[in-house]
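A.B. asks: Let me begin by handing over the structure; questions about it come next.
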2 protein chains.
Amino acid sequence: MEVLISEVGPRDGLQSIAQILPTEAKKKWISMAWEAGVREIEVGSFVPAKLLPQLADTAEIVRYATQIEGLTIAALVPNARGAADAIAAGAHKITLPLSCSETHSLANLRRTHAQVIEEARRIGELIRELPEGERPHFEGSLSTAFGCTLEGEVPQAKVLELAEALLEAGCDEVGLADTTGYADPRSVQTMIRALWSAFGKGALTGIHLHNTRGLGIANAFAAFEAGLTTFDSSLGGIGGCPFAPGASGNIVTEDLVFMFEAMGVKTGIDLEALFAVREYLQGVIGDEPLYGFAPLAGLPLGFTPATIDRTGATE
Amino acid sequence: MEVLISEVGPRDGLQSIAQILPTEAKKKWISMAWEAGVREIEVGSFVPAKLLPQLADTAEIVRYATQIEGLTIAALVPNARGAADAIAAGAHKITLPLSCSETHSLANLRRTHAQVIEEARRIGELIRELPEGERPHFEGSLSTAFGCTLEGEVPQAKVLELAEALLEAGCDEVGLADTTGYADPRSVQTMIRALWSAFGKGALTGIHLHNTRGLGIANAFAAFEAGLTTFDSSLGGIGGCPFAPGASGNIVTEDLVFMFEAMGVKTGIDLEALFAVREYLQGVIGDEPLYGFAPLAGLPLGFTPATIDRTGATE
């Protein structure tokens, strides 16, 4: 059994801290992650540099990373203009976030649901104009799907309605995102089953979880049990959670990979090499705290990861 | 659906820190926890005071706590002598730990497996001599059941063999304990099923988890999914983990209760009242760090816990 770990630290992690990581350090991080076995990385966001100066070099990072054979390069885009830039840079996967809470969407992006869906439709058109082999994978991310700090509960019917609108607008699939740390293992499984029941298993393969209230890794296990195969996480949980001091923002890649490898589920990632990437990141990120427990405790004595072939080499 | 949260902070938490919490503060903690809805507390350990001065007042604490109607008072005992003291003080539940790794048993307790089993047999005799209504529940705790920092992997056959010996010696049930933080969700479920298959569901209802490598809450969810109903945890994860700075020792009661209540599973515990107990503990414990995320982030907007009856009052 295998899962895909999608490293989002260079985007979601770095956008959450004030410090700007130098372009060369980002490149080194990405190449080290690749060498450790990471096969998908969300490297940045195509937003105006004045809004997120931390990610101003996204186009350059995408161009660099797409030269690494076999690595899937994902990028976040807020609208069709960003998508055009992402396509020009060569991104393999484009993610458009849509906040299921319209209050949150208006507060954070100043856009109604209808306006975001219209952007999705325009991105779908942009992609269909490309030759078939050059089309990026297009995901609509259902953020605040498990609840919103402004609206509270988000009805499942609303999530399904927006998922349908995104798929009709041209998204290849939707993703679930617990932006606010409101999800629990049961709500994760319930939402996955509802989306699969409505749109089929191909419409949803991944989830983006935060650890705001300590349930992030449990929610990932619940999503895996329900059948999802792609998990966003960030190295060292970089960026933290502004609402919970001591909590990572995204779930921590190291702990997530440790869980899967311990369970006999292959991530393709060598844990010791991943810990070395963490060491590198800590060295270049200054005072910014990193999170996670497995790298501090180290691997269990005699630990046998799933990602080992019979000759003992990492696959 | 309901689960029982067994608060072990006054024993496992306090024995892991150098500071000695005053007896009056322990009593206040226990009574506040009771008021918040906690229904089982492991209040101490009947070991010589010179070994664990933090728990030297265990007999007094047991006598105090047994006066709280409806609260189950558990105590750890290292041997039959400790069990006799626990019985004299009036403990409702007695737990004898047996380390599944004999190397660990010899290093930490200077006892072979056979010697610990013999203590279990003597405790069983002590209990059978009591009038039927006065017999405490007797649990044999299978510590290092998921692996040992000295031996590495502990074979499942060894865990089953020791469980059988404990049950034959007179234990009412066995408990699983991941002393070392080696467990993962799959190994937790596999071990539960193996024990149930061999000895029936009555032989195992509870699990004691640590968060050493970040999987503690995920392991608790996995154990719940497999069918266990009793979960040890400690308030604020007090005591920490000496092997993983920043990690709690035991899983954190607040996050565990939040998970269950969010999932619609009743713990009987009022989360806001539990957070108030944490505040109290932080106030009396000095510089000792507390862990957990839910109390820092607070409850989600519009959160509806499972433990609410139709009149809106906490059950």
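The values are calculated or read from the model by the stated rules, or taken from the named source; none is laboratory data. This is a predicted model, so every value here is computed, not measured. Cβ coordinates were reconstructed from backbone atoms using ideal geometry, including for glycine residues, and neighbour counts include every protein chain displayed.
A.B. asks: Could you identify the single residue in A:S141, A:S101 that is buried (at least 18 other Cβ atoms within 10 Å of the Cβ), among the small types (G, A, S), closer than 23 Å to A:G206 by Cα and touching a Lys or Arg at 6+ places or on another chain (Cβ under 9 Å)? Write out each step before concluding.
C.D. replies: Values: A:S141 fails: touching a Lys or Arg at 6+ places or on another chain (Cβ under 9 Å).
Going through A:S141, A:S101 in turn, just one is buried (at least 18 other Cβ atoms within 10 Å of the Cβ), among the small types (G, A, S), closer than 23 Å to A:G206 by Cα and touching a Lys or Arg at 6+ places or on another chain (Cβ under 9 Å): A:S101.
A.B. asks: Does B:A177 satisfy being more than 24 Å from B:V257 (Cα to Cα) and more than 14 Å from every other protein chain (Cβ to nearest Cβ)?
C.D. replies: Here the answer is no, as B:A177 does not meet what is asked.
A.B. asks: Right, B:L52: touching a residue at least 12 places away in the same chain (Cβ under 8 Å) and under 17 Å from the mean Cα position of the chain (by Cα) or not?
C.D. replies: Taking the combined requirement at face value, the residue does not satisfy it.
A.B. asks: So which residues in segment B:162-188 are in a loop (DSSP other than H, G, I, E, B), crowded, with 24+ Cβ neighbours inside 10 Å and out of contact with any Cys (no Cβ under 9 Å at 6 or more places or on another chain), if there are any at all?
C.D. replies: B:C171, B:D178, B:A183, B:D184 - these are the residues of segment B:162-188 that are in a loop (DSSP other than H, G, I, E, B), crowded, with 24+ Cβ neighbours inside 10 Å and out of contact with any Cys (no Cβ under 9 Å at 6 or more places or on another chain).
A.B. asks: Moving on to the next point. Looking at (1) surrounded by fewer than 18 Cβ atoms within 10 Å (Cβ to Cβ); (2) closer than 26 Å to B:R213 by Cα; (3) hydrophobic (A, V, I, L, M, F, W, C), which is the one condition that is false for B:M263?
C.D. replies: (1)
A.B. asks: Hey, another quick one. Output the number of residues of segment B:55-88 satisfying the condition of being surrounded by fewer than 21 Cβ atoms within 10 Å (Cβ to Cβ) and either over 14 Å from B:K27 (Cβ atoms) or touching a Phe, Trp or Tyr at 6+ places or on another chain (Cβ under 6 Å) (or both).
C.D. replies: Final tally of qualifying residues: 13.
A.B. asks: Test each condition in (1) out of contact with any Phe, Trp or Tyr (no Cβ under 8 Å at 6 or more places or on another chain); (2) within 30 Å of A:T66 (Cα to Cα); (3) among the small types (G, A, S) for A:G170 and report the one that comes out false.
C.D. replies: Tallying (1) out of contact with any Phe, Trp or Tyr (no Cβ under 8 Å at 6 or more places or on another chain); (2) within 30 Å of A:T66 (Cα to Cα); (3) among the small types (G, A, S), A:G170 fails exactly one: (1).
A.B. asks: Among helices (runs of 4 or more DSSP H) lying entirely in segment B:230-301, which contain 2 or more residues that are within 11 Å of chain A (Cβ to nearest Cβ) and either modelled with pLDDT under 95 or under 20 Å from B:V3 (Cβ atoms) (or both)?
C.D. replies: Output list reads B:253-262, B:294-297.
A.B. asks: While we're on this one: In segment B:145-161, what residues are within 11 Å of chain A (Cβ to nearest Cβ) and part of a loop (DSSP other than H, G, I, E, B)?
C.D. replies: Selection gives B:F146, B:G147, B:T149, B:L150, B:E151, B:E153, B:V154.
A.B. asks: Does segment A:189-211 include one or more residues that are within 8 Å of chain B (Cβ to nearest Cβ), at pLDDT 95 or above, closer than 17 Å to B:F293 by Cβ and not in a loop (DSSP other than H, G, I, E, B)?
C.D. replies: No, every residue in segment A:189-211 fails to be within 8 Å of chain B (Cβ to nearest Cβ), at pLDDT 95 or above, closer than 17 Å to B:F293 by Cβ and not in a loop (DSSP other than H, G, I, E, B).
A.B. asks: Failed condition for A:T229, given (1) touching a residue at least 60 places away in the same chain (Cβ under 8 Å); (2) over 21 Å from A:K266 (Cβ atoms), with all others met?
C.D. replies: (2)
A.B. asks: Within segment A:159-175, which residues are in contact (Cβ under 8 Å) with a residue 12 or more places away in the chain, within 14 Å of A:S101 (Cβ to Cβ) and not β-branched (V, I, T)?
C.D. replies: Correct list: A:L162 only.
A.B. asks: Looking at segment A:3-38, which of its residues are within 14 Å of A:I269 (Cβ to Cβ), touching a helix residue (DSSP H, G or I) at 6+ places or on another chain (Cβ under 9 Å) and surrounded by fewer than 18 Cβ atoms within 10 Å (Cβ to Cβ)?
C.D. replies: Within segment A:3-38, A:E35 is the sole residue that qualifies.
A.B. asks: If I go through segment B:212-229 residue by residue, how many of them are among the aliphatic types (A, V, I, L, M), within 21 Å of B:Q156 (Cβ to Cβ) and within 9 Å of chain A (Cβ to nearest Cβ)?
C.D. replies: Here the count works out to 4.
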